[in-house]
1. Pulled fully out, how much extra length does the chain show between Ala41 and Asp21, if you take 0.36 nm times their separation in residues and subtract their Cα-Cα distance?
2. Sort 40-52, 8-20 for me by packing, meaning the mean count of neighbouring Cβ atoms within 10 Å per residue, highest on top.
3. Please get the size of the charge dipole for the chain, origin at its Cα centre, with Cβ charges of +1 on Lys and Arg and -1 on Asp and Glu, quoted in debye to the nearest 20.
4. Quick one: Kirkwood hydrodynamic radius for the chain, alpha-carbon pairs, angstrom, one decimal?
5. Under 8 Å for C-alpha pairs, at least 6 residues apart: give me the relative contact order for the range 7-85, rounded to a whole percent.
6. On the accessible surface of the chain, probed at 1.4 Å, how many percent belong to carbon and sulfur atoms?
7. Note down the nm distance, to one decimal, between modelled labels 7 Å out along Cα→Cβ at Leu87 and at Asp53.
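The values are calculated or read from the model by the stated rules, or taken from the named source; none is laboratory data. All values reported here derive from a predicted model rather than from experimental measurement. With ideal geometry, Cβ positions are generated from the backbone for all residues, glycine too; neighbour counts draw on all protein chains shown. Note: areas computed on protein heavy atoms with side chains; ligands, DNA, RNA excluded. Shrake-Rupley method; radii C 1.70, N 1.55, O 1.52, S 1.80 Å.
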Amino acid sequence: MSDQVNEQELVDVLAAQTNVDPKLIRLVLKHEQTFINKAKANAKGEVDIDNDDLVDYVVAQRDVKLDELTVESILDAEMDYLMDKGLAGYID
């Protein structure tokens with residue numbers, strides 16, 4: 001998680017938007033970070049993450065007991081939050 005992001009604020013916003021327990025959101029974010037850390041950056045230093053691959057990875061983790069739709073809604077809400085803060089975006 002980026003130092004520019006207040007993790008507690010992020011979790012609070014995601015919990016309010018998705019109605020998912022904050023502990024479960026933190027678990028999803030932890031696995032997301034592991035997935036991102038394993039991804040390869042391109043020549044510009046950008047990491048292109050396929051959302052479907054990310055959701056599949058998170059759902060496949062033994063300690064995640066959420067369905068794909070819930071995980072996807074958490075990750076989508078996180079991306080909206082990060083884009084609103086100017087910290088993330090989509091590569092065309």
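1. 4.0 nm
2. 8-20, 40-52
3. That gives a dipole near 440 debye.
4. 13.6
5. 32
6. 47
7. Simple spin-label model gives 2.3 nm for this pair.
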